[in-house]
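S.K.: Next up is a structure, given as structure tokens.
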Amino acid sequence: MKWSEICIHTTNEAIEPISNILHENGASGVVIEDPVDLTIDRENVFGEIYELNENDYPEEGVYIKAYLPFNSFLGETVEEIKQSINNLITFDIDLGPNQVTLSEVNEEDWATAWKKYYKPVKVSEKITITPTWEDYTQKSSNEIVIELDPGMAFGTGTHPTTVLTLQALEKYIKGNETVIDVGCGSGVLSIASALLGAKDIYAYDLDEVAVKSTELNIKVNKVQDAVKVKQNNLMSNVSIKADIVVSNILAEIIVRFIDDAWTNLVEGGYFITSGIIQTKKQMVIEKLENQGFEIIEINELEDWVSIIALKK
């Protein structure tokens with residue numbers, strides 16, 4: 001499918017009313033390209049790679065971009081947008097250059113455009129995550145490199161909740177453990193468990209796309225002998241004795257299978273949970289303690305929380 005990118009060169013003052021006009025004419029979102037973005041200092045952590053090209057920005061003012069279907073109504077829609085923008089003058093809004101340009105965009109280009117922002121990231125003392133399409137050279141003999149192709153449905157493995165979980169796995173996996181990964185997504189936690197020395201990893205996800213994504217990524221990382229993937233609803237009908245149960249999903253979901261985690265863990269086993277927003281932390285702690293778990297560690301990163309519980 002082809003789309004038309006409409007770009008309006010205007011002023012900061014006009015951003016809000018013009019964005020509203022674009023939304024009213026069928027744009028589901030807008031892109032603001034403000035040259036101020038080029039001078040902002042940002043921390044480059046957790047995969048947030050900012051490689052901004054100054055040639056994409058105006059010297060003065062801003063570009064407002066939106067995407068419209070390339071169809072027989074496009075001409076009429078663009079004229080309506082132009083007329084509505086021009087009418088803003090009656091409200092004493094400075095439109096600046098007020099230049100409107102159109103360009104054609106192929107949907108296929110969008111499908112891969114995000115990849116340029118995903119670079120190798122060191123997420124723990126040992127673990128580095130790199131996309132499959134990047135060339136990366138191992139920096140030391142004890143560095144664990146996970147190659148990940150998250151596709152369009154899953155994260156890059158560098159979200160704070162995933163980082164917290166990977167750091168916990170690195171700390172608690174000593175070797176030869178049995179691990180259950182609940183809600184495996186792209187498979188990054190299962191892969192990390194295998195590369196850290198776990199013997200048997202069982203990866204479960206209800207989403208068929210997640211199962212296929214995990215299967216692909218475990219093959220890329222050559223751990224398919226250690227990781228077994230299955231489509232499954234949380235830990236329903238699972239009867240495996242595990243040393244570690246790990247889950248990086250929403251707090252509301254975690255509390256639904258705390259009893260199953262308890263049943264499937266060996267004595268002295270660990271339940272590593274993440275994906276918990278600050279406001280839900282106490283709820284998860286109370287559920288874990290009511291089940292009999294001992295909370296041995298709570299780690300926080302940005303607004304997210306990871307809880308490690310021990311089956312006494």
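The values are calculated or read from the model by the stated rules, or taken from the named source; none is laboratory data. Treat the numbers as computed from the prediction; the structure is a model and nothing was measured. Note: ideal-geometry Cβ built from the backbone for every residue, glycine included; neighbour counts use all protein chains shown.
S.K.: Can you pull out the residues in the range 158-211 that are touching a residue at least 40 places away in the same chain (Cβ under 8 Å) and in contact with a Cys (Cβ under 8 Å, 6 or more places away or on another chain)?
M.R.: Across the range 158-211, the qualifying residue is only 210.
S.K.: Now, a different point. State which residue pairs qualify: first residue under 21 Å from residue 26 (Cβ atoms) and in a helix (DSSP H, G or I) and inside the range 71-95, second residue modelled with pLDDT of 90 or more and charged (D, E, K, R) in any location, beta carbons under 8 Å apart, and separation of 6 or more residues or different chains.
M.R.: 84/24
S.K.: Filtering the range 117-140 down to residues that are among the aromatic types (Phe, Trp, Tyr) and touching a residue at least 60 places away in the same chain (Cβ under 8 Å), which residue is nearest to residue 167 (Cα to Cα)?
M.R.: 118
S.K.: Condition first: modelled with pLDDT under 95, surrounded by fewer than 22 Cβ atoms within 10 Å (Cβ to Cβ) and outside any helix (DSSP H, G or I). Now tell me which residues in the range 184-222 satisfy that.
M.R.: Once the filter is applied, which keeps residues that are modelled with pLDDT under 95, surrounded by fewer than 22 Cβ atoms within 10 Å (Cβ to Cβ) and outside any helix (DSSP H, G or I), the range 184-222 yields 206, 207.
S.K.: Can I ask one more? Within the range 59-70, track down each residue that is modelled with pLDDT of 90 or more and outside any strand (DSSP E or B).
M.R.: 60, 61
S.K.: For the range 223-232, does any single residue satisfy the condition of being surrounded by fewer than 22 Cβ atoms within 10 Å (Cβ to Cβ) and either in a helix (DSSP H, G or I) or in contact with a Lys or Arg (Cβ under 6 Å, 6 or more places away or on another chain) (or both)?
M.R.: No, there is no match, as no residue in the range 223-232 is surrounded by fewer than 22 Cβ atoms within 10 Å (Cβ to Cβ) and either in a helix (DSSP H, G or I) or in contact with a Lys or Arg (Cβ under 6 Å, 6 or more places away or on another chain) (or both).
S.K.: Can you spot a residue in the range 282-303 that is closer than 24 Å to residue 197 by Cβ, among the β-branched types (Val, Ile, Thr) and either at pLDDT 95 or above or within 23 Å of the chain's Cα centre (by Cα) (or both)?
M.R.: Yes: one or more hits.
S.K.: In the range 22-39, how many residues are within 15 Å of residue 9 (Cβ to Cβ) and either surrounded by 15 or more Cβ atoms within 10 Å (Cβ to Cβ) or modelled with pLDDT under 85 (or both)?
M.R.: Counting residues in the range 22-39 that are within 15 Å of residue 9 (Cβ to Cβ) and either surrounded by 15 or more Cβ atoms within 10 Å (Cβ to Cβ) or modelled with pLDDT under 85 (or both) gives 5.
S.K.: Enumerate the helices (runs of 4 or more DSSP H) found wholly within the range 247-312, keeping only those where 3 or more residues are surrounded by fewer than 16 Cβ atoms within 10 Å (Cβ to Cβ).
M.R.: 281-291
S.K.: Could you look through the range 123-149, keep only residues that are within 16 Å of the chain's Cα centre (by Cα) and more than 17 Å from residue 223 (Cβ to Cβ), and pick out the one that is surrounded by the most Cβ atoms within 10 Å (Cβ to Cβ)?
M.R.: Ranking the candidates gives 123 first.
Here is a yes/no grid of residues against (1) in contact (Cβ under 8 Å) with a residue 24 or more places away in the chain; (2) touching a Phe, Trp or Tyr at 6+ places or on another chain (Cβ under 6 Å); (3) within 13 Å of residue 179 (Cβ to Cβ):
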{"residue": "226", "(1), (2), (3)": "yes, no, yes"}
{"residue": "236", "(1), (2), (3)": "yes, no, no"}
{"residue": "244", "(1), (2), (3)": "yes, yes, yes"}
{"residue": "257", "(1), (2), (3)": "yes, no, no"}
{"residue": "260", "(1), (2), (3)": "yes, no, no"}
{"residue": "276", "(1), (2), (3)": "yes, no, no"}
